[in-house]
1. Under a point-charge model restricted to the Cβ atoms of Lys and Arg (+1) and Asp and Glu (-1), what is the dipole moment magnitude of the stretch 137-346 relative to its Cα centre, in debye to the nearest 20?
2. Can you put Phe187, Phe396, Phe430 in order, fewest other beta carbons within 10 Å first?
3. Sorted from largest down, what three extents in whole angstroms do the Cα atoms of the stretch 137-346 have along their principal axes?
4. What is the fewest-to-most order of Leu185, Leu193 by other Cβ atoms lying within 10 Å of their Cβ?
5. Given labels modelled 7 Å from the Cα in the Cβ direction, how far is it in nm from Ile157 to Lys178?
6. Using R₀ = 22 Å, calculate the FRET efficiency as 1/(1 + (r/R₀)^6) where r is the Cβ-Cβ separation of His196 and Lys310; round to 0.05.
7. Measuring from label point to label point, each 7 Å out along Cα→Cβ, what is the Leu15 to Asn256 span in nm?
8. Full-extension gain between Leu83 and Glu372, please, as 0.36 nm times their residue separation minus the C-alpha to C-alpha distance.
Amino acid sequence: MQSSNIGSLSRLQKLIKELNKKDVYPVIICGSFTKHNCSLRGYLSDTELTLRNAEFRIRVEIANWDTVRNKLSVALYTGEEKLVQNMVTPNPQGTAQHEFRITPMATNFLTGYISISNDNLPLDNKWFFSIPPRKKIKVLIAGRHPEDIKFIYNALISSDTTVVKPEPCEIEQLDYYKMSDFQVLIFSNIDTLKDHQVIRLKEALKSGSKIVLFPGVDCTPKRFNNLWPKGFHFPKWEKTLSSFKTYLVLKGYDRNHPIFKGMWRKEITSEFSSARFHTVPAFSITERTPPLITFSDGKPFLIEIRDHGKTIGMLFATSGSDSWSDLQYKGLFPALLLRAVTYLTGQNLTRTNIFVGDTIIIDPGNAAIPSEFTITKPNGNISYFHFDRSSGKLKFYDTDEPGLYTIRKGKKITSYIAVNIQPEETDGKFLLPEDLIEKTNLKDKLLWLDVTSGINTNNANLFSVISLELSHLFLIISLVLIAIEMYLSRINKIS
């Protein structure tokens with residue numbers, strides 16, 4: 001077994017707990033074996049969805065579990081058609097990287113898989129992908145001054161092939177634009193709107209538009225709180241922090257949030273914490289406004305705004321201009337802003353690329369009938385979604401099989417979802433007694449039996465509890481056997 005098999009919520013962990021309730025102690029047997037296996041995992045980047053007519057890069061990592069070099073083929077398929085094949089030779093117990101380039105389709109999903117040569121574990125020899133069609137994203141950038149717009153606009157057009165179409169607009173010109181025509185509305189250094197503008201903005205939100213907010217030097221917490229928290233569920237601006245002994249930097253982020261998946265392959269880079277902030281607006285945090293990125297002092301930097309379970313916007317706790325920090329001069333700024341925009345508009349790959357055990361969630365739309373939607377699993381079985389009345393979303397939980405899941409509305413295919421095994425299943429790390437001790441917290445009783453060296457007693461606490469329980473059991477059994485023997489001998493004597 002691998003380390004991921006005994007997570008706190010795994011089936012094995014639950015099984016051990018249930019057995020312990022019945023005074024049954026599982027025995028985990030570790031035998032000698034050879035790790036003759038190579039595994040595959042892939043990486044996709046959301047940012048590339050914003051590029052028009054550009055090749056899409058699919059990066060894969062092949063892990064060699066064996067103690068010798070293995071030469072194997074790695075191939076790219078769309079449907080069942082092989083497009084290209086190459087050879088890789090990962091080092092013993094090492095990895096090899098490979099990259100495929102493919103041009104996504106303009107109007108349809110691009111689906112397929114990467115495959116390596118079959119070996120002992122066929123489930124980790126394929127990695128499926130589903131790339132949605134690229135769509136134009138219309139963005140309106142409203143600011144008090146040109147400086148409030150410039151850096152945001154430049155970040156959104158940082159590539160001349162981007163499908164994001166930003167439209168700059170000073171606040172005096174806002175009435176000339178129909179807000180509901182834009183998927184994303186960015187407000188920079190704005191803390192007041194006219195009554196009819198507030199009404200139009202709320203109508204735009206109802207039609208599906210999203211808000212990205214940057215406070216600024218001309219904003220005050222009082223005016224800001226009277227507009228954004230009161231009317232649009234944004235967090236309250238509590239105070240403004242400045243005059244730090246040292247600059248604040250970005251430190252923590254929500255690793256599980258879709259906006260960051262694939263942004264860094266392993267650990268975050270130095271680019272993440274390179275921006276320096278000398279003025280920071282401090283915002284309150286609630287369950288409705290979870291922070292996605294925090295400063296080095298724990299204050300929130302990037303906040304996702306939700307209303308009744310639905311995401312309606314993002315708040316950056318810094319100015320859109322360079323008046324409070326040098327973030328606008330860092331490569332992180334356009335990367336974060338583009339990811340925020342693609343996430344808010346639904347153009348992110350985490351919606352179409354998930355892992356075994358994850359829930360497939362789709363929005364049927366206000367006019368749709370939930371029963372019209374069906375989902376076809378890789379084995380061909382057709383199922384229906386569960387309608388969650390609280391969120392208005394359709395949910396499908398039975399993603400136990402890797403492969404491509406097809407979603408239909410009536411007879412029309414609306415999307416494809418690629419489901420892959422968990423990344424932890426491909427790293428070649430196997431279960432050790434230390435993993436059990438760490439993850440079970442010594443509350444679960446079990447025996448670890450290594451057939452090559454006997455019972456493992458590296459941790460006295462884990463196994464002394466078991467041996468004590470077993471000694472009591474053996475004592476009881478011995479007493480029962482003695483009693484039975486005495487009874488039988490008495491019967492024989494009487495006979």
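Values quoted throughout were computed directly from the atomic coordinates according to the rules given, and no laboratory measurement underlies them. Here the structure is a predicted model, which means the values were calculated and not measured. Glycine also receives a Cβ, built like all others from the backbone with ideal geometry; neighbour counts cover every protein chain displayed.
1. Details: 28 positive and 22 negative charges, 126 e Å.
The dipole magnitude comes to about 600 debye.
2. Numbers: Phe187 26, Phe396 21, Phe430 14.
Lowest count first: Phe430, Phe396, Phe187.
3. On the principal axes, the stretch 137-346 reaches 44, 40, 35 Å in Cα extent.
4. Values: Leu185 24, Leu193 18.
Arranged by neighbour count, lowest to highest, Leu185, Leu193 become Leu193, Leu185.
5. 2.4 nm
6. Values: r = 25 Å, r/R0 = 1.12.
It comes out at approximately 0.35.
7. With each label point 7 Å from Cα toward Cβ, the separation is 2.4 nm.
8. Working: separation 289, 0.36 × 289 = 104.04 nm, distance 3.50 nm.
Taking 0.36 nm per residue and subtracting the Cα distance, the gain is 100.5 nm.
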